[in-house]
Amino acid sequence: MTISATARSSLTHLIFLLITLTTLFNTVTSESDSDRVAELLNLQSQSESGIIHLNDQLLSRFVTSSKLSRSFSLVIFFDAVQLHDKNELRLKELRSEFALLASSFISNNKDTPSESKLFFCDVEFKESQATFAQFGVNALPHIRLVGPDARNLKDDSLQMDAGDFSRLAESMSEFIESKTKLTIGPIHRPPIVSKKQIMFMIAALLIWSPFVAKKVLAGETLLHDSKIWLAGGVFVYFFSVSGAMHNIIRKMPMFLTDRNDPSKLIFFYQGSGMQLGAEGFTVGFLYTIVGLLLALMTHLLVKVKNKTVQRVVMMIALLVSFWAVKKVVFLDNWKTGYGIHAYWPSSWN
């Protein structure tokens, strides 16, 4: 069976038309995505921190209203100004760390292809209640990653858990990098002490140095008091074993509010990825008891001449130390899920 010349001509025109329409559609899609990226970059440049403030209309414009594909991801911080006074939620602190993360990403990826692949945004509850409903957000703090392929905002977006921002900007960065395969880069934190403050401290030190030198030579400073050294030694020991430095650096809260029951407070968080301040202080207190009892037995008890008193005090100290260490081991087992088992000599079995 042969195909007539007219049929072949019609088929050729049809194929050409399909190719033209496909090319035109891809061009329109590309232009539309480029327009959205350009608008996001413009909004980003107008923000001091690099965070784009979204509302219901803007979210619909960039994500939900268009069926075209997206080449970018959005990281959205859900905020509520009326809850900023609740310190246990840490919204102001997390918002500040989120801004630090955004500015660091922009600085590290300036003039690179990654610059237009990820945008940091925030929404406020009173302004964007429809957005909160679309994502199914009913508790704060809450951070979501909306990928290029996300269509259903509630089911297709990825939520950061408490452990993903437990170390603030650093852990947020790890979460985003693992999900988007983009590189955030180092976090650029502002210096703790400014140049003016450093200059002021140097000037004050130079002024007071003659008076300090006179006190040191006369032996009239606090550093010459043995009680101060004793108290300082105990403090350093407690500071070391309680993880206080970790809490200060990571700005860990003493406790969290139970999401299922806001009237309850969580002092011990089960999971090795996060440590609350109350956990560290509890363990530090138990270890400090053991350390003080050990110092008591090795420095003071040996000077007691009454053998009975020595034995009684030593037995009490050993029992209390055993109890304290047992509590620490129990807490570690409960928190991490790893058990510590005793291994006795085989001759004891």
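Read-outs throughout are calculated quantities, based only on the coordinates presented, and are distinct from any laboratory measurement. Predicted model only: the values in this text are computed from it and were never measured. With ideal geometry, Cβ positions are generated from the backbone for all residues, glycine too; neighbour counts draw on all protein chains shown.
Compute a Gaussian network model of the chain, connecting alpha carbons closer than 10 Å, and tell me which residue from Val137, Val320, Val216 fluctuates the most.
Val216
State, to one decimal in nm, how far the label point of Asp149 lies from the label point of His246, with both points 7 Å from Cα in the Cβ direction.
With each label point 7 Å from Cα toward Cβ, the separation is 3.7 nm.
Taking only the C-alpha atoms, wrap a convex hull around region 225-339 and report its volume per residue in Å³ as a whole number.
In region 225-339, the Cα hull volume divided by residue count equals 137 Å³.
Round to a whole angstrom and tell me the spacing of the C-alpha centers of region 301-317 and region 228-273.
The distance from the Cα centre of region 301-317 to that of region 228-273 comes to 35 Å.
Okay, helix-only estimate at 222 nm for the chain: each DSSP H run of n ≥ 4 adds -39500 (n - 2.57), divide by all residues, round to 500 deg cm²/dmol; what do you get?
Helices in the chain give a 222 nm mean residue ellipticity of -17500 deg cm²/dmol.
Among all helices in the chain defined by DSSP H, which have a length of 20 Å or more along the axis from Cα atoms plus a Kyte-Doolittle mean of at least -0.5?
Helices passing the filter in the chain: 5-46, 91-108, 195-218, 226-241, 277-295, 307-336.
Per Stokes-Einstein, at 4 °C and 1.567 mPa s, what whole-number D in µm² s⁻¹ belongs to region 27-180, with the Kirkwood radius over Cα pairs as the hydrodynamic radius?
It comes out at roughly 82 µm²/s.
Taking springs between alpha-carbon atoms closer than 10 angstrom, which of Ile106, Ile249, Ile52 fluctuates most in the Gaussian network model of the chain?
Ile249
Just checking my list [x] 59, 48, 43; [y] 122, 71, 40; [z] 65, 55, 48 against Cα extents along the principal axes in Å computed from this structure; which label fits?
[y]
Distance between Cα centroids, region 174-225 to region 86-161: provide it in whole Å.
After rounding, the separation between the Cα centres reads 33 Å.
Considering amide H positions built from the backbone, and no H for Pro or chain starts, which residues 5 or more places from Cys121, or on another chain, come under 5 Å of its amide H?
Amide H neighbours of Cys121, under 5 Å, 5+ apart: Ile52, Val75, Ile76, Phe77.
Where both partners of a DSSP beta bridge lie in the chain, what percent of those bridges are antiparallel, to the nearest 5?
Given both bridge residues lie in the chain, the antiparallel proportion sits at roughly 50 percent.
Which of Ser209, Ser242, Ser71 moves the most in a Gaussian network model of the chain with Cα springs under 10 Å?
It is Ser209.
So for the pair Phe211, Ser45, with labels modelled 7 Å out along Cα→Cβ, what separation do we get in nm?
5.4
Stretched out fully, how many nm does the piece from Ile192 to Met254 gain, at 0.36 nm a residue minus the Cα gap?
20.1 nm
Taking the simple approach of a point 7 Å from Cα along Cα-to-Cβ for both Val236 and Ser32, what is their distance in nm?
6.7
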